[in-house]
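For reference, the structure discussed in these notes is given below.
Derivation of every value follows stated rules applied to the coordinates shown; laboratory data play no part. Keep in mind that what you see is a predicted model, and the values were worked out from it rather than measured. Note that each Cβ is placed from the backbone with ideal geometry, even for glycine, and that neighbours are counted across all protein chains shown.
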Amino acid sequence: MSGVHEWLSVEFVRERNARALEEAAERRLARLATGAAERPSLRARAARRLFGFAVAADREETWRAVWERLEAPRHP
């Protein structure tokens, strides 16, 4: 009986993943159809800029602080 349960669980996960991939593809196509360019989020762009400043300043404590901030969990 457990073999059937495992098979059903695997199939359920596969179907769920396939649906998620299809939805992501649809969202991507919708963005492209509206002319919205794919670009990183504001948070990602700000983080890259801060990291660039830290590297340019060449101060270990600065880039370490920026790196710790990048690794911090995001709060929605």
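Figures for the structure shown
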{"read-out": "Two-site label geometry, Val55 and Glu23: point separation in nm, points 7 Å out along Cα→Cβ", "value": "3.6 nm"}
{"read-out": "Distance in nm between pseudo-label sites at Arg45 and Arg69 (7 Å out along the Cβ direction from Cα)", "value": "1.7 nm"}
